[in-house]
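K.L.:
Dumping the structure here so I can ask a few things about it.
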Amino acid sequence: MSTENIREEVSRVRAEINYIRNPPAQDEALLEFFSESEESSTMQTLPGREVWICDARALSSSLDREGFVLASHSSAIDNLENVELDAAKNAAYVAELIPFLIDLTGASRVVILGGAKQRFSECATDKLAPLVNAKPARYPHADNTDASSSAQIKMIAAATADLDLEAYPRCALFNIWRCISPAPQISPLAVCDARSISPADEIAVCAVTPILGHGDYRHETSSYLYNPAHRWHYYPDMTDHEVIVFKTHDTDPSRARRVAHTAFDDNTCIEVHARASVEVRALALFK
């Protein structure tokens, strides 16, 4: 039976999600995750938990409800494989995402945070060599906590000309994620319906990640404890004309705040290429 037939028959896959296994006590230090030297991490996530991850292509999702959507976006750049290391290509790519995100979200203004970030499967050693922090994260996480989001938004405002946060009653942080390797993808991105996550499931973790030319960057992120109520989704066989846009923070508590996400192994895939993806993070401001 072909991969396509397997997916059509079940509309979901069974896979492992590597949840936190050692939550700290209230008075203990934050767990740490070192992206380039995982043996130094104090966060423990193995063995993983088996869960169902549903095909979301038939799901009419919303950024304000589930916290994620699949959107069409065809980049004007022919080849994004080396976008992180090509300054001109990087600038052109992030520039074209500003009007895209404004149109998708209804934001009044969008500020891109840094540039494009590439990731490659662990087997793509030749692609990983010139980069840092480029392997897929294989544990459920969100890119921020409430505290680190607030600090990040204030830092962006301070560094951005003519940006007065008081003019915008609502701010939101987004990740725009694109797969640029051919389908099927053996290590796709899973996203969790924000409504299915309880505040008690969330654990603050300090992610320690190197940035080219700047050394280690320490940032407080969210990771998660296992809860069978979590509803996981993915988009199989993505093309490079599609992007997953998901929330990483929202100052409006009535909307989805942030989306847990992780890479996972899709064992229905055979004869696949190494995964390659590009992600861009952005601040959207709403009047």
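K.L.:
Equivalent-ellipsoid semi-axes (√(5λ), Cα gyration tensor) for region 169-279, whole Å, largest first?
P.N.:
25, 19, 15
K.L.:
Can you give me the pair-distance distribution of the chain, C-alpha pairs, 5 Å bins, whole percents?
P.N.:
Final binned percentages: 1, 5, 12, 17, 19, 19, 15, 8, 3, 1, 0, 0.
K.L.:
How would E279, E202, E50 line up from fewest to most surrounding beta-carbon atoms within 10 angstrom?
P.N.:
Lowest count first: E50, E279, E202.
K.L.:
Another one. Suppose every K and R has +1 on its Cβ and every D and E has -1 on its Cβ; what is the size of the dipole of region 46-130 about the Cα centre, in Debye to the nearest 20?
P.N.:
220 debye
K.L.:
With θ taken as phi - 60° and the coefficients 6.51, -1.76 and 1.60, list the Karplus ³J(HN,Hα) couplings across region 130-135 in order, rounded to whole Hz; mark glycine and proline as x.
P.N.:
With the stated coefficients, region 130-135 comes to x, 10, 10, 6, 10, 7 Hz.
K.L.:
Rounded to the nearest 500, what is the chain's calculated 222 nm mean residue ellipticity when only DSSP H runs of at least 4 contribute -39500 (n - 2.57) each, over all residues?
P.N.:
Helix-only estimate at 222 nm: -5000 deg cm²/dmol.
K.L.:
When the scattering of region 47-128 is computed by the Debye formula from its Cα atoms alone, each counted once and equally, what is log10 I(q)/I(0) at q = 0.27 Å⁻¹?
P.N.:
Each listed q corresponds, in turn, to -1.25.
K.L.:
Now a separate question. Could you list E32, E166 so that the one with the fewest beta carbons within 10 Å of its beta carbon is first and the one with the most is last?
P.N.:
Result, fewest neighbours first: E166, E32.
K.L.:
Let me check I've understood the local charge: for C179, count other residues with C-beta under 11 angstrom from its C-beta, Lys and Arg +1, Asp and Glu -1. What total comes out?
P.N.:
Summing Lys and Arg as +1 and Asp and Glu as -1 gives -1.
K.L.:
Tell me the label-point distance for the pair N22, V272, using the 7 Å Cα-to-Cβ offset, in nm and rounded to one decimal.
P.N.:
Output for this residue pair reads 2.9 nm.
K.L.:
Helix hunt in the chain: which complete DSSP H runs extend at least 24 Å axially by C-alpha with mean Kyte-Doolittle at least 0.5?
P.N.:
In the chain, the long hydrophobic H runs are 87-105.
K.L.:
Still on this model: Run the count for the chain, please: Lys pairs, Cα-Cα under 26 angstrom, 8 or more apart or on different chains.
P.N.:
Within the chain, the lysine pair count is 13.
K.L.:
Related question: Using only the Cα atoms, work out Rg/Rh for region 31-181, with Rh taken as the Kirkwood radius, to two decimals.
P.N.:
Computed over Cα atoms, the ratio is 0.96.
K.L.:
Another one. From the mean inverse distance of alpha carbon pairs (Kirkwood) and the Cα radius of gyration, derive Rg over Rh for region 134-197.
P.N.:
1.07
K.L.:
How would V280, V132, V94 line up from fewest to most surrounding beta-carbon atoms within 10 angstrom?
P.N.:
V132, V94, V280
K.L.:
Okay, moving on. Charges at C-beta only: +1 for Lys and Arg, -1 for Asp and Glu. How large is the resulting dipole of the chain about its Cα centre, in Debye rounded to 20?
P.N.:
With Lys and Arg at +1 and Asp and Glu at -1, about 520 debye.
K.L.:
For a protection proxy built on the mean count of beta-carbon atoms within 10 angstrom, sort 248-261, 96-109 highest first, please.
P.N.:
248-261, 96-109
No value in this document is a laboratory result; all are computed from the given coordinates. Bear in mind that the values here come from a model prediction, so they are computed numbers and not experimental data. With ideal geometry, Cβ positions are generated from the backbone for all residues, glycine too; neighbour counts draw on all protein chains shown.
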